[in-house]
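Here the structure comes first, spelled out in structure tokens, and everything after it is commentary.
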Amino acid sequence: MNKSTMLRYYNKYSVANKYIIGFAYDNKVYMVTIDNIKPCYLKTEKASRNQGKNLRLRLKASQKERLIKKATFLCDIDKLYDNKYNKGEIFEKLVTEYFNQIWHKDNIPFYKSGDITIGENVIQIKYENATLTNIKQIKRLLRKFP
């Protein structure tokens, strides 16, 4: 399964209608809201534990430079380091709190719920290098919801 096919299925099953993606630039963390995740922001990579391939958010420096023009500064990079949570979880927490909502760590999959809801928008939050999905998950969804 190639990147475009994986992205097509991810978009088919995702309940989100917007995405907030985050990235570090010059030791600062930024967030930007987008309608969909462009294929150029993604890479397919070998997944661990027999999951096939991962579809991952991999932003190039030039992409960050373009995105920063419409991005919002969130915090300094050192705020993402925590002994309890990973950078993606901390980013999700900071974004949720930025929108005056209460964050709870969860493992609800992208096809059941977004990370936050703002108005009518169901939003999935992803920090750079995050995995969106993998081939095993897509195959499971295809069997369950053809």
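No lab work stands behind these numbers, since they all come straight from the coordinates. This is a predicted model, so every value here is computed, not measured. Positions of Cβ are generated from backbone atoms using ideal geometry, with glycine treated the same way; all protein chains shown enter the neighbour counts.
Mean residue ellipticity at 222 nm from the helices of the chain, using -39,500 (n - 2.57) per DSSP H segment of n ≥ 4 over the full residue count, to the nearest 500 deg cm²/dmol?
Numbers: 4 runs with 40 residues, N = 146.
Rounded to the nearest 500, it is -8000 deg cm²/dmol.
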Inset, instruction - Please turn the phi angles of the range 64-74 into ³J(HN,Hα) values with the Karplus equation 6.51 cos²θ - 1.76 cosθ + 1.60 (θ = phi - 60°), one per residue in order, whole Hz, x for glycine and proline. - result: 4, 5, 6, 5, 4, 5, 10, 8, 10, 5, 10
Inset, instruction - Choose one answer from Asp82, Asp115, Asp26: the residue with the largest mean-square fluctuation in a GNM of the chain with alpha-carbon springs under 10 Å. - result: Asp26
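Just to confirm a number: summing +1 for Lys and Arg and -1 for Asp and Glu over residues other than Val29 whose beta-carbon lies under 15 angstrom from that of Val29, what do you get?
On the way: positive: Lys28, Lys64, Lys79, Lys87, Lys93, Lys126; negative: Asp26, Asp76, Asp78, Asp82, Glu89, Glu92, Glu97, Glu128.
Here the count lands on -2.
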Inset, instruction - Using Cα positions and a limit of under 20 Å, work out the lysines in reach of Lys69, with same-chain residues fewer than 8 apart set aside. - result: Lys18, Lys28, Lys38, Lys60, Lys126
Inset, instruction - Return the whole-Å distance between the Cα centroid of the range 129-146 and the Cα centroid of the range 77-107. - result: 24 Å
Legend entry - Spherically averaged projected area in nm², based on the convex hull that wraps the Cα atoms of the chain: 9.2 nm²
